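Student: Pasting a structure below so you can have a look.
Throughout, read-outs are computed from the coordinates displayed, never taken from laboratory work. Here the structure is a predicted model, which means the values were calculated and not measured. Note that each Cβ is placed from the backbone with ideal geometry, even for glycine, and that neighbours are counted across all protein chains shown.
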Amino acid sequence: MCGIVGYIGSKPAREIILKGLKRLEYRGYDSAGVTLINGGIKTFKCKGHVKDLEKLVNESNFDGTIGLGHTRWATHGEPSEVNAHPQISYKGNFIMVHNGIIENYATLKKHLIDRGVTFKSETDTEVLVNLIDHLYIEGGFSAEQAISFALNRVKGAYGLVIICSDEKDRLYAARKGSPLIIGVGEGENYIASDASPIVEFTQRVIYLNDEDMAIVKKNELILKTIRNQIIEPEVKEVDLSIGEIEKEGFPHFMLKEIFEQPKAIHNTFRGRVLPDLSGIRIGGMYDMMDDFIKAERIIIVACGTSYHAGLLGEYFFEEFTRIPVEVEYASEFRYRNPIIKKNDIVIAISQSGETADTLAAVKLAKSKGAKVFGICNVVGSSIPRETDAGTYTHAGPEIGVASTKAFSTQVIALSMIASELGNKRGIISDDDHKSFITDLVKIPALIEETLKMNDQVLEVAKVIQNANNALYLGRGYLYPVALEGALKLKEISYIHAEGYPAAEMKHGPIALIDENMPVVVVATKDDTYEKIINNIQEIKARKGMVIAIVTRGDDIIGKIANHVLEVPETIPAFSGILAVVPLQLLAYHAAVLRGCNVDQPRNLAKSVTVE
Ligand code: G6P
């Protein structure tokens, strides 16, 4: 949560920072702020989005060649101007932007108040910046020493950029737990939470590691640990184009990303499927193949949409490999003292690779001796760096807060691993494996076809746009898809929605059904098709309005349901990956019709780097 940008060079910093913050707004958008150095130092901040900040800064005409900026997702203190970052220290010597949480802020705050330090905001960030200034003023330390001493005293997570007003030729940056990268330019350097604000200017980046601290000047970059040990910077090339982080004619990132799914899925299996379709070679998986083959249990940990992908993973692994699977919310797993045995494999799924609970679950699993495999999208993020092995989904940057293409690519990656492992374990014959891969490579074209129903889904969205509640039902592979459809609707349109296994409906949700309750039934053809027809009849008998996602040509459900959306035929294991597309579009159109901010839904953030 929270996006950070820093710039030092000769160009006008204002535009670079504001543009960068807009690219990072997916990380938070409660308030925003910027500090610019131009001989003097000026800070601008306001409640609201980066466009509000832009208006404020533009009114002043002030610019600089050095600066830092922040877009916030509030943790400590409500969204307001005073709680917005940058936070300025009590003596005004330090200006800081922060992403993360200082967990021992209350103890440190008391310590500082007892020594006469005053506070203006409710933020934990002000505690840290005041601690640095206190060490600088009262302790007689240099700015660099004050920063590193303070960082050695704080517990929690931080990605930081700091200005010291006595040293206007440099920015300080530090990281622990929250991502931060440095973009290396010619006579200029950039700092940001991810590569998106940087790639326009340089492809050369340094990923800071935990407890790294950088002193960043125009023509110089010094990298150390917070314990003052010099580190040799490792410069990497980032593989990201500007087109990937712009809307490219789509009204919203979410719609663009829904439409990118054929390409994204293709990229997930590209280069991994053998040319004769006889096998799948995922490098990271082969690094751990012995462990996978010996595995007695797989535990999947994830949050949000990635958790729903994990639930589909459970069906894949149990069907294809016969290994028992448990799927856990990372936040529950990490605090449950879970039982992990020698031959257990933990699979962590995360689009961002930064979700705090998933990262903590990975560390816990490792500390208990499990082998941990990661499925992530963002290259170089924290989770892939912690896991024993893993694979990237290569979905490309996902900027809309509601996850779409990340989900479908995670599901594809899980299915590929499961089928390959099933084959290696002798559960799936070579012929069945080949037949599965043959169906896999057809998925991008089938999603392309599914996307053609966009206008039809818009019409159905008009029917549900004024609903207060909605129920989503599915069975088997389609149950996690129902959960995901409900999550999409509630997170962006604010219509309350619940996903349920269809047969469980009669144990509770059926009581809610009346003519005002849309019920979205995911009912493509699989083994439970007959059963789900009965569920639809039960809803109709109670005057519920049924929107059914069916396999093309289904004339049975077509006659009973009020609205029908048809997806192409595929094998049952892949039916969910097609059925989720109309559900994503349904949520999207309902949200647009209700006037909601689709890409930046209230209170949410793309990457939850706090507990
Ligand atoms: C947030 C996002 C969701 C995402 C979840 C897990 O809640 O809004 O879209 O599914 O975090 O994120 P991850 O990056 O770990 O997949």
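Student: Which of the aspartates and glutamates could a cross-linker bridge to K51, judged by Cα under 15 Å and excluding same-chain residues fewer than eight apart?
Tutor: E15, E25, D30, E59, E81, D599
Student: Here is a follow-up. Could you sort the peptides 533-541, 95-103 by per-residue average Cβ neighbour count (10 Å cutoff), highest mean leading?
Tutor: Values: 533-541: 16.9, 95-103: 25.4.
In decreasing order of mean packing, 533-541, 95-103 become 95-103, 533-541.
Student: Quick one: helix 143-153 against the long Cα principal axis of the chain, what's the angle to the nearest 10°, folded into 0 to 90?
Tutor: With both axes taken from Cα atoms, the answer is about 50 degrees.
Student: Using only the Cα atoms of the stretch 204-306, build the gyration tensor, take square roots of its eigenvalues as a ≥ b ≥ c, and label the shape rounded, prolate or oblate: rounded if a/c is under 1.5, else prolate if a/b is larger than b/c, else oblate.
Tutor: Details: a/c = 2.15, a/b = 1.30, b/c = 1.66.
Oblate.
Student: What's the lysine pair count for the stretch 80-197 at a Cα cut-off below 16 Å, pairs eight or more apart or interchain? It would help to have the intermediate numbers written out before the result.
Tutor: Details: K91/K109; K91/K120; K109/K120; K109/K155; K110/K120; K110/K155; K155/K176.
Qualifying lysine pairs in the stretch 80-197: 7.
Student: Computed over the Cα atoms of the chain, what is the ratio Rg over Rh, Rh following Kirkwood?
Tutor: Working: Rg = 25.3 Å, Rh = 25.3 Å.
The Rg/Rh ratio comes out at 1.00.
Student: Once you wrap a convex hull around the alpha carbon atoms of the stretch 248-289, what is its projected area averaged over all directions, in nm²?
Tutor: On the way: hull surface 17.0 nm².
Projected area, direction-averaged: 4.3 nm².
Student: Same structure again: With +1 on each Lys and Arg Cβ and -1 on each Asp and Glu Cβ, and nothing else charged, work out how big the dipole of the chain is about its Cα centre, in Debye to the nearest 20.
Tutor: Working: 68 positive and 79 negative charges, 188 e Å.
Dipole about the Cα centre, nearest 20: 900 debye.
Student: Taking the Cα centre as origin and putting +1 on Lys and Arg beta-carbons and -1 on Asp and Glu beta-carbons, what dipole magnitude results for the stretch 180-272, to the nearest 20 debye?
Tutor: Details: 11 positive and 17 negative charges, 28 e Å.
Dipole magnitude for the stretch 180-272 comes out near 140 debye.
Student: Identify, among I427, A402, V379, the residue whose Cα sits farthest towards the positive end of the charge dipole of the stretch 360-429, taking +1 on the Cβ of Lys and Arg and -1 on the Cβ of Asp and Glu, with the dipole about the Cα centre.
Tutor: About the Cα centre, the residue reaching furthest to the positive side is I427.
Student: Please give the contour-minus-distance gain from N152 to S278: 0.36 nm per residue of separation, less the Cα-Cα distance, rounded to one decimal in nm.
Tutor: On the way: separation 126, 0.36 × 126 = 45.36 nm, distance 5.32 nm.
Gain in length upon complete extension: 40.0 nm.
Student: How much FRET efficiency would the formula 1/(1 + (r/R0)^6) give for Y286 and I571, where r is the Cβ-Cβ distance and R0 is 22 Å, rounded to 0.05?
Tutor: Working: r = 25 Å, r/R0 = 1.14.
Calculated value: 0.30.
Student: Determine, for E515, E448, the number of other Cβ atoms within 10 Å of each Cβ, and report the residues in order from fewest to most.
Tutor: Numbers: E515 9, E448 14.
Ranked by crowding around the Cβ, least crowded first: E515, E448.
Student: Obtain the nm distance between the two label points defined at R594 and D114 by a simple spin-label model: each point lies 7 Å from its Cα along the Cα-to-C-beta direction.
Tutor: According to this spin-label approximation, the distance is 5.0 nm.
Student: Order these peptides, 123-135, 276-288, by their mean beta-carbon neighbour count within 10 angstrom, highest first.
Tutor: Working: 123-135: 25.5, 276-288: 16.3.
My ranking of the peptides, most packed first, is 123-135, 276-288.
Student: What Rg and what Dmax come out for the stretch 477-611 when only alpha-carbon atoms are used, in angstroms?
Tutor: 15.2, 48
Student: Could you list which residues have their amide H under 5 Å from that of V327, counting only those 5 or more apart in sequence or on another chain, with H placed in the peptide plane?
Tutor: Here I300 satisfy the definition.
Student: With a ≥ b ≥ c taken as the square roots of the eigenvalues of the C-alpha gyration tensor of the stretch 91-184, please select rounded if a/c is under 1.5 and otherwise prolate if a/b is larger than b/c or oblate if it is not? Could you put the intermediate results ahead of the total?
Tutor: Numbers: a/c = 1.81, a/b = 1.18, b/c = 1.53.
It comes out oblate by the Cα gyration axes.
Student: Cα-based count: Lys pairs in the stretch 316-472 below 18 Å, eight or more positions apart or different chains?
Tutor: 15
Student: While we're looking at this one, here's another question. In degrees from 0 to 90, rounded to the nearest 10, what is the angle of the helix 124-138 Cα long axis to the longest principal axis of the chain?
Tutor: Its long axis makes an angle of about 20 degrees.
Student: Of the options G283, M254, S241, report the single residue whose Cα projects farthest towards the positive end of the charge dipole of the stretch 235-287 (beta-carbon charges: Lys, Arg +1; Asp, Glu -1).
Tutor: Going by the charge dipole, the pick is G283.
Student: Further, regarding this structure: Taking R0 as 56 Å, what's the FRET efficiency between R552 and E15 from their Cβ-Cβ distance, rounded to 0.05? Please report the intermediate quantities before stating the final value.
Tutor: Details: r = 49 Å, r/R0 = 0.88.
Working from the Cβ atoms, E equals 0.70.
Student: Packing-wise, with mean Cβ within 10 Å as the measure, how do 12-20, 54-62, 547-555, 68-76 rank, highest first?
Tutor: Numbers: 12-20: 21.8, 54-62: 14.2, 547-555: 19.6, 68-76: 26.4.
The most tightly packed comes first, giving 68-76, 12-20, 547-555, 54-62.
Student: Given H placed on each backbone N at 1.01 Å, which residues far from V564 in sequence or on other chains put an amide H within less than 5 Å of it?
Tutor: When sequence neighbours closer than 5 places are left aside, the close amide H contacts are A548.
Student: Please give the helix 430-440 orientation as an angle from the longest Cα principal axis of the chain, in degrees from 0 to 90, rounded to the nearest 10.
Tutor: It is inclined by approximately 70 degrees.
Student: Taking the Cα centre of the stretch 304-400 as origin and charging only Cβ (+1 Lys, Arg; -1 Asp, Glu), how large is the dipole, in debye to the nearest 20?
Tutor: Numbers: 10 positive and 12 negative charges, 96 e Å.
For this selection, approximately 460 debye.
Student: Obtain the nm distance between the two label points defined at K543 and K217 by a simple spin-label model: each point lies 7 Å from its Cα along the Cα-to-C-beta direction.
Tutor: The two pseudo-label positions are separated by 7.7 nm.
Student: Which lysines have a Cα less than 19 Å from the Cα of K559, not counting those fewer than 8 places away in the same chain?
Tutor: Cross-link targets: K525, K531, K540, K543.
Student: Starting from the Kirkwood radius over alpha-carbon pairs of the stretch 49-88, derive D by Stokes-Einstein at 4 °C in a medium of 1.567 mPa s and give it in µm² s⁻¹. Display every interim value, and only then the final one.
Tutor: Values: Rh = 11.6 Å.
Rounded, D is 112 µm²/s.
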